[in-house]
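The values are calculated or read from the model by the stated rules, or taken from the named source; none is laboratory data. Predicted, not measured: the structure shown is a model, and the values here were computed from it. Methodologically, a virtual Cβ is constructed for each residue, glycine included, from the backbone with ideal geometry; neighbour enumeration extends over all protein chains shown. Ligands, DNA and RNA are excluded from the accessible area calculation, which covers all protein heavy atoms including side chains. Shrake-Rupley method; radii C 1.70, N 1.55, O 1.52, S 1.80 Å.
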Amino acid sequence: MDIMTGVGLVAGTIVIATMMLLGGDLHMFISEHAIIIIFGGSISATMIRFPLSALLHGLPLGAKFAFTMSRLSAHDLVDELARIAEIARKQGPVGLEKVETDEPFLAKGIRYVADGYDLDFIRDNLERDRDNFLMHLDEGSKIYRAIGDCAPAFGMVGTLIGMVQMFANMTDPSKLGPFMATALLATLYGALVANLFCLPIADKLHGKLLDEETNRTLIIDGILMIRDSKSPTLVREMLLAYLPEKHRQGEGEPVPA
């Protein structure tokens, strides 16, 4: 689990709820009209922007990866691939059939090598799998960002509707308060949906997309070197290039000339 995403959302919700309670009752901040205009309008505009297939893939994948982390970091993957290369060197491709890993994409690459597929087949399939996954994750980031962009605008639309209704009923003072509250709550809802939920999640997904691109490319390179019977030391040294400079120190032994 990505604890920071959950902690941030809970902390933000607590802060907003506390401020509401300090000034009165939470019920005064509930407006069905504001909810309809914010969520209905934002979802409708997002449906216009994206095809159905993108929504079906991007929304659930984005929600999942916003709250989860990769099972193995890039540093762990370097160690794991060096270990797998050692097994392949000692036992051959057959020895990889018993290798277990927590990373599904890595497991797929190991299976390809163990089954004896040629280098081009492994490269093409893994790269296609990586690109499709990154595309769907990028769609998720764009969808949440689109909702975050729409929500404040529809908050303003709700405010304008409330103001029109308020001015149209100036002769009835009893209706002025409810219409003004609806107008202001629409702006409040739009700001909260955008800045506490959708835009932070979109940024989190973009960061994880970059991490996943690095990790999966690292895995592809490692698997191809293992398929090409490279030594474990060479595999490690080549893959260390994916790590930040400070994480390379003390890793592995120099490759003999």
Kindly list the number of the only condition in (1) open to solvent by 80 Å² or more (accessible area, probe 1.4 Å); (2) in contact with a Gly (Cβ under 9 Å, 6 or more places away or on another chain) that fails for residue 69.
(2)
Report, by residue number, each residue of region 208-241 that is more than 28 Å from the chain's Cα centre (by Cα) and of a type in the set (Gly, Ala, Ser).
229, 231
Scan region 6-15 and give yes if some residue there is within 18 Å of residue 196 (Cα to Cα), surrounded by 11 or more Cβ atoms within 10 Å (Cβ to Cβ), modelled with pLDDT under 90 and in contact with a helix residue (DSSP H, G or I) (Cβ under 9 Å, 6 or more places away or on another chain), otherwise no.
no
Across (1) open to solvent by less than 30 Å² (accessible area, probe 1.4 Å); (2) modelled with pLDDT of 90 or more, residue 80 clears everything bar (1)
Just name the residue that is modelled with the lowest pLDDT out of those in region 96-106 that are closer than 26 Å to residue 206 by Cβ and surrounded by 14 or more Cβ atoms within 10 Å (Cβ to Cβ).
103
Is region 108-120 home to any residue that is assigned to a loop (DSSP other than H, G, I, E, B), open to solvent by 20 Å² or more (accessible area, probe 1.4 Å) and of a type in the set (D, E, K, R)?
yes
Given (1) in contact with a Leu (Cβ under 6 Å, 6 or more places away or on another chain); (2) among the aliphatic types (A, V, I, L, M); (3) free of Cβ contacts under 8 Å to residues at least 12 places away in the same chain, residue 34 misses just (3)
Inside region 29-53, can you point out the residues that are part of a helix (DSSP H, G or I), of a type in the set (S, T, N, Q) and open to solvent by less than 50 Å² (accessible area, probe 1.4 Å)?
42, 46
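Could you look through region 154-170, keep only residues that are among the aliphatic types (A, V, I, L, M) and either within 18 Å of residue 206 (Cβ to Cβ) or in contact (Cβ under 8 Å) with a residue 40 or more places away in the chain (or both), and pick out the one that is least open to solvent (accessible area, probe 1.4 Å)?
First, pick out the residues of region 154-170 that are among the aliphatic types (A, V, I, L, M): 156-157, 160-161, 163-164, 166, 168, 170.
So of that shortlist, the ones also either within 18 Å of residue 206 (Cβ to Cβ) or in contact (Cβ under 8 Å) with a residue 40 or more places away in the chain (or both) come out as 157, 161.
Values: 157: 60, 161: 79 Å².
The selected residue is 157.
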Those residues of region 83-95 that are among the hydrophobic types (A, V, I, L, M, F, W, C) and either surrounded by fewer than 20 Cβ atoms within 10 Å (Cβ to Cβ) or not in a helix (DSSP H, G or I) (or both) come to a total of 2
